[in-house]
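Data first, discussion second: the structure below is written as structure tokens.
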């Protein structure tokens with residue numbers, strides 16, 4: 001029986017991952033700002049579920065949540081960094097406070113939780129860290145530059161710590177979900193730019209309307225993401241990143257093709273900066 005620690009577990013993807021882990025017979029620490037919602041949604045799991053309060057932007061609270069997890073279950077086998085939100089709007093029209101909040105949650109929040117859990121995983125000489133990135137961590141999108149920036153940051157961080165932690169038996173994987181049918185684009189989750197700049201108004205309003213029309217019609221089924229994690233846990237090889245959803249897979253493949261094409265197109269110029277071969 002594995003012990004999971006999942007952030008943002010009271011709704012959306014985090015909740016569905018928790019549900020899949022419990023269905024598999026494992027134990028789950030469901031950490032979120034509204035633990036009562038997680039407990040209500042995941043009721044019937046008995047002593048295999050522990051719902052704990054966690055605002056990931058609070059480093060001290062992350063430490064306390066991890067301590068509670070170890071006190072209840074003795075270990076952490078699977079850490080899922082899921083908590084986050086999307087700050088939408090053109091870069092110039094997003095306030096400093098909004099930028100700070102976006103990074104505090106998506107990036108530094110992930111760092112807080114992982115730093116709290118790593119001493120436990122190292123002592124065990126085992127564990128698997130999953131960080132929920134996005135297809136916007138693979139390719140940039142206009143009107144989403146800050147959200148993309150946080151996911152790009154998590155991409156480099158996760159890939160790097162995977163190399164640092166391998167000697168301790170700790171595995172690290174990025175999940176790259178595409179568009180999934182959750183409340184992620186609801187007004188309670190997504191945030192829009194707060195600075196009114198006329199030059200961006202038409203484009204911003206069109207993008208906002210497009211998101212509203214797309215909301216709750218996404219192709220991805222969030223109840224299936226937990227099964228992806230379970231399959232990776234049982235796999236012989238540990239992937240650095242896995243696309244989740246047909247749109248994410250297409251994005252990942254196209255990104256690779258673009259890198260190859262641009263490298264070939266600029267090959268001569270790239271090579272021109274080396275010292276001549278002896």
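Since every read-out is calculated from the coordinates, none of them should be taken as a lab result. Just so it is clear, the structure is predicted and the values come from calculations on it, not from any experiment. Because the Cβ atoms are built from the backbone with ideal geometry, glycine has one as well, and the counts that use them run over all protein chains shown.
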Check your understanding: If one computes the Cα centroid of the stretch 238-272 and of the stretch 54-72, what distance in Å separates the two points?
Key -> 37
Point to revise | GNM result for the chain, Cα springs below 10 Å: residue of 68, 21, 254 fluctuating most strongly | key: 254
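Taking the highest mean first, how do the peptides 234-247, 83-96, 128-141 order by number of other beta carbon atoms within 10 angstrom per residue?
Numbers: 234-247: 14.4, 83-96: 18.9, 128-141: 21.9.
The peptides rank, most packed first, as 128-141, 83-96, 234-247.
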Exercise for review: Decide, for the stretch 58-126, between rounded, prolate and oblate: order the square roots of the alpha carbon gyration tensor eigenvalues as a ≥ b ≥ c, take rounded if a/c falls under 1.5, and otherwise choose prolate if a/b is larger than b/c, else oblate.
Suggested key: prolate
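Can you give the relative contact order of the stretch 3-271 as a percent, counting alpha carbon pairs under 8 Å and 6+ residues apart? If you can, show how the numbers build up before the last one.
Details: 481 pairs, mean separation 52.3, N = 269.
Computed value for the stretch 3-271: 19 percent relative contact order.
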**Study point:** Candidates 202, 65, 149, ranked by Gaussian network fluctuation over the chain, Cα under 10 Å, top entry
**Key:** 202
Check your understanding: Remind me, relative contact order of the stretch 122-184 in percent, using alpha carbon pairs under 8 angstrom and six or more residues apart?
Key -> 48
Check your understanding: At 20 °C and 1.002 mPa s, what whole-number value in µm²/s does Stokes-Einstein give for the translational diffusion of the stretch 1-142, with Rh from the Kirkwood sum over Cα pairs?
Key -> 138
Review point. Of 266, 157, how do they rank once you tally other Cβ atoms within 10 Å and put the fewest first?
Key: 266, 157
Check your understanding: Hey, got the Cα dimensions of the stretch 21-100 along the principal axes, in Å, largest first?
Key -> 48, 25, 21
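Cut-off is 10 Å between beta-carbons; in what order do 75, 19 appear when sorted fewest neighbours first?
75, 19
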Point to revise | the chain - Rg and Dmax from Cα coordinates, angstrom | key: 19.9, 71
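For the chain, what is the mean residue ellipticity at 222 nm derived from helices alone (per DSSP H run of n ≥ 4: -39500 (n - 2.57); sum divided by total residues; nearest 500 deg cm²/dmol)? Write out the running numbers ahead of the final one.
Numbers: 10 runs with 131 residues, N = 278.
Result for the chain: -15000 deg cm²/dmol, rounded to the nearest 500.
For the stretch 27-149, calculate the relative contact order in percent as a whole number, restricting contacts to Cα pairs under 8 Å that are 6 or more residues apart.
Normalised by residue count, the contact order of the stretch 27-149 is 28 percent.
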